[in-house]
1. How do the pairs read when you match residues in the range 324-338 that are of a type in the set (S, T, N, Q) with residues anywhere that are modelled with pLDDT under 95, using Cβ under 7 Å and keeping only pairs 6 or more apart or on different chains?
2. From the residues in the range 337-358 that are buried (at least 20 other Cβ atoms within 10 Å of the Cβ) and in contact with a helix residue (DSSP H, G or I) (Cβ under 6 Å, 6 or more places away or on another chain), which one is nearest to residue 474 (Cα to Cα)?
3. Can you name every one of the strands (runs of 3 or more DSSP E) wholly within the range 139-231 that holds 1 or more residues which are modelled with pLDDT under 95 and over 19 Å from the mean Cα position of the chain (by Cα)?
4. Please find, within the range 442-483, the residue that is nearest to the chain's Cα centre (by Cα) out of those that are surrounded by fewer than 16 Cβ atoms within 10 Å (Cβ to Cβ) and among the polar types (S, T, N, Q).
5. Mind listing whichever residues of the range 349-399 are hydrophobic (A, V, I, L, M, F, W, C) and closer than 23 Å to residue 441 by Cβ?
6. Check whether at least one residue in the range 100-109 is part of a loop (DSSP other than H, G, I, E, B) and aromatic (Phe, Trp, Tyr), and report yes or no.
7. For the range 357-371, what are the residues that are farther than 16 Å from residue 69 by Cα, of a type in the set (Val, Ile, Thr) and either outside any strand (DSSP E or B) or touching a His at 6+ places or on another chain (Cβ under 6 Å) (or both)?
8. Enumerate the helices (runs of 4 or more DSSP H) found wholly within the range 249-356, keeping only those where 1 or more residues are touching a strand residue (DSSP E or B) at 6+ places or on another chain (Cβ under 7 Å).
Amino acid sequence: MPRSLSHLGISIFFAALASASVVQPAEPPALSPGWSRALPPGPDTRVKITEAYAKLIGKETYFWVWPMANIYNRRLTFKDVPEPMMNGPVPIAPLNTVAMLTDYITPDERAVACPNQDVVYGAGSLALDVEPAVVQVPDFGDRFWVYQMVDLRTDSFVQLGKMYATTPGFYLLVGPNWKGEVPKGITKVFRSPTNTGFMAPRVFQDDTPEDKKAIQSVIQQVMIYPLSKYDGTMKRTDWTKLKVLPAQKDGETESRFVFPEKILDQLTAILADAPPFPGEEARYAQVLAVVEAAKSDPKLGAALEAGAKEAEDTLVTPLFQFRNYGQQLQHNWSTISNEAAFGTDYFTRTAVAKSNILVNSPNETKYFYQDLDAAGERLNGKNNYTVTFAKGATPPVNGFWSMTLYNEHHFFSPNDLDRYSLGTKNKGLKHNADGSLTLYVQASSPGSDNEANWLPSPREDFSLYIRAYWPKAEVMEGSWLPPAVTKHD
């Protein structure tokens with residue numbers, strides 16, 4: 001096996017960074033009189049600019065382009081993968097192809113922060129300028145499922161899932177400029193506004209041996225592949241037989257996909273693949289003018305990079321903490337309402353990409369984040385906590401709900417129970433005499449009588465995260481909110 005294939009987690013990624021390139025909710029404010037005069041062709045590129053200005057552009061641009069650079073570099077990571085396979089605990093696949101897990105993601109995964117253990121995941125990178133992709137949907141019966149497809153900006157551009165009453169069959173993903181003929185047998189075409197994107201199918205699984213066995217047949221038919229391989233027949237892959245590459249030692253934090261020192265070289269390609277939204281033309285022109293000037297003036301390039309590094313340290317990194325963004329709710333919980341539909345909400349889009357990228361659309365999943373207890377103190381495993389849902393007041397969903405615990409790096413903290421979330425999937429949860437449900441969040445056992453409801457914590461800082469898949473109106477409208485996280489002596 002070539003050396004690059006045995007080190008996909010590192011060598012392919014950095015080789016790709018060096019050589020690859022990519023071919024191209026709130027009411028908006030009222031337009032000002034004569035607004036078109038404010039959008040000239042762009043800056044006068046004959047004018048000398050200062051290093052301070054280049055640094056300012058580098059800082060501001062790095063912040064709002066961060067999610068796009070993340071998805072762009074994930075594509076570069078996948079571009080040399082020869083076949084669907086496992087890179088340690090993570091499924092990887094050739095461009096426009098998906099690879100599936102056969103069980104929950106494991107605690108050693110570092111590709112995407114805040115994974116869950118409610119669904120069986122798939123993963124793949126989209127390159128729709130290379131070729132359209134066919135999405136195969138099997139008959140899931142009563143099982144909950146949703147296929148997530150996001151563009152370069154991390155905005156969703158498909159509606160495929162149980163909440164959409166999607167019928168089994170074949171669906172087509174095409175790029176913004178594709179003008180080919182739709183083959184016979186394709187149910188619907190979804191057009192991405194960018195050529196680069198990412199896909200992550202999710203299929204619900206109960207935490208029982210019986211369901212882990214029952215799900216295998218249907219997930220074998222969860223497939224996405226280039227249009228050239230489409231023949232109108234339902235394909236099947238035994239995902240248990242994927243080649244497994246040695247796991248890379250990626251440390252405790254999420255694998256890095258955005259680098260301040262690379263941003264100058266990548267900006268032109270990234271912005272070419274994500275044409276400006278209406279009103280962004282001037283923003284794009286400013287950025288590209290500085291990038292062009294920096295090509296012939298190393299001092300400007302250094303200033304732009306310095307601005308990017310400053311943005312990484314002072315603007316992006318703090319947004320890893322859930323408590324630093326979002327709509328602030330009672331009991332110190334927070335949420336967002338425009339996930340996977342961020343548009344020009346640059347702050348929220350980058351905050352979500354930094355802390356828990358690849359979130360579903362709000363009607364598919366509603367998310368609630370928590371770093372603090374009811375008194376506003378940081379959650380930490382030296383303390384014991386409870387979260388009590390009143391009778392009938394668990395998250396109202398048509399799909400399922402869960403509460404997941406993440407360590408300070410937003411990954412699972414290994415424990416003896418191998419348990420990282422509690423919710424619908426857990427059939428042994430015990431309710432109190434009054435019908436309420438108490439979950440125990442602590443490092444040591446709450447006692448044998450309560451162990452079924454125990455969510456083990458590390459002895460360091462941690463966070464809690466509630467998911468409401470296919471939420472009901474009460475969740476969407478905000479009349480249902482999570483209960484307090486209460487500390488106990």
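1. Correct list of pairs: 337/25; 338/25.
2. Per the stated criteria, the residue is 342.
3. Working: elements: 145-151, 169-174, 186-191, 196-204, 223-226.
No strands (runs of 3 or more DSSP E) qualify here.
4. Among them, the one singled out is 479.
5. Of all residues in the range 349-399, those hydrophobic (A, V, I, L, M, F, W, C) come to 351-353, 357-359, 368, 372, 374-375, 379, 387, 389-390, 393, 397.
359, 368, 372, 374, 375, 379, 387, 389, 390, 393, 397 - these are the residues of the range 349-399 that are hydrophobic (A, V, I, L, M, F, W, C) and closer than 23 Å to residue 441 by Cβ.
6. If we filter the range 100-109 for residues that are part of a loop (DSSP other than H, G, I, E, B), which is where we start, we get 101-109.
With the extra rule that they be aromatic (Phe, Trp, Tyr), the set shrinks to 104.
So far as the range 100-109 goes, yes, one or more of its residues are part of a loop (DSSP other than H, G, I, E, B) and aromatic (Phe, Trp, Tyr).
7. Let us first name the residues in the range 357-371 that are farther than 16 Å from residue 69 by Cα, namely 359-371.
When the remaining residues are screened for being of a type in the set (Val, Ile, Thr), the result is 359, 365.
Residue satisfying the conditions is 359 alone.
8. Numbers: elements: 263-273, 281-296, 298-311, 346-356.
Filter on the range 249-356 gives 263-273.
The values are calculated or read from the model by the stated rules, or taken from the named source; none is laboratory data. Nothing here was measured: the structure is a model prediction, and the numbers come from that model. Here Cβ is always computed from backbone atoms with ideal geometry, including for glycine, and neighbour counts include all displayed protein chains.
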